[in-house]
Amino acid sequence: QVQLVESGGGLVQAGGSLIVSCAASGRTFGTYAMGWFRQAPGKEREFVASINWSGSRTNYADSVKGRFTISRDNAKNTVYLQMGSLKPEDTAVYYCVVGGSYYLIRTIDYDYWGQGTQVTVSS
């Protein structure tokens, strides 16, 4: 059974940094894209970032470009999201995903989802 377990969420002040990670188990994800979505209260779930199987290509939402960095370690089946210059509007539950192609940004494009980790940015 596939499991994605996020960790590293928490409370941070605006302008601060945070790293969330996601460990995958149940199969080898070395040939799959991995990524992150987020959902703020009262809003739809939205794409944040994704990375291809080798880590050589990434894709970011415009709202986080230049502030967030996605990376992965295939030996550990783990994907990371380094978040910097955080803003209150980044407050959301962050979900780890696994799918077929890094350039896809719809929720239906990703097959496996984690339970999410809360990130709260205070002003």
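The values are calculated or read from the model by the stated rules, or taken from the named source; none is laboratory data. If you're wondering where the values come from, they're calculated on a predicted model, not measured in any experiment. All Cβ positions, even for glycine, are placed from backbone atoms using ideal geometry, and neighbour counts span all protein chains on display. When the accessible area is computed, the model is the full protein with side chains, heavy atoms only, and any ligands, DNA or RNA have been set aside. Shrake-Rupley method; radii C 1.70, N 1.55, O 1.52, S 1.80 Å.
For the chain, which whole percent of the accessible surface, found with a 1.4 angstrom probe, sits on carbon and sulfur atoms? Ligands and nucleic acids excluded, carbon and sulfur reach 47 percent. The GNM of the chain, with springs linking C-alpha atoms under 10 angstrom apart, assigns the highest mean-square fluctuation among Val20, Val97, Val12 to Val12.
Using only side-chain charges placed at the Cβ, +1 for Lys and Arg and -1 for Asp and Glu, the dipole size of the chain relative to its Cα centre rounds to 160 debye.
Kindly provide the GluC sites (Glu not before Pro) of the range 1-105 that DSSP labels as loop, not H, G, I, E or B, and whose Cβ sees at most 11 other Cβ atoms within 10 Å. Can you show the working numbers first?
Values: sites: Glu6, Glu44, Glu46, Glu89; in loops: Glu44.
Filter output for the range 1-105: Glu44.
Computed from the Cβ-Cβ distance with R0 of 30 Å, the FRET efficiency linking Asp73 to Ala40 stands at 0.60. Under the convention that each Lys and Arg Cβ holds +1 and each Asp and Glu Cβ holds -1, the size of the dipole of the range 19-77 around its Cα centre is about 60 debye. Annotation: amide H of Arg57 within the under-5 Å range of Asn52, sequence separation 5 or more or interchain, hydrogens built in the peptide plane.
The residues of the chain expose, per residue, 52 Å² of accessible area to a 1.4 Å probe.
Could you pull out every one of the lysines with an alpha carbon less than 24 Å from that of Lys87, ignoring same-chain neighbours closer than 8 positions? Of all the lysines, those that pass the test against Lys87 - Cα under 24 Å, at least 8 places apart if same chain - are Lys43, Lys65. Separation of the range 1-49 and the range 66-123, taken as the distance between their Cα centroids, equals 3 angstrom.
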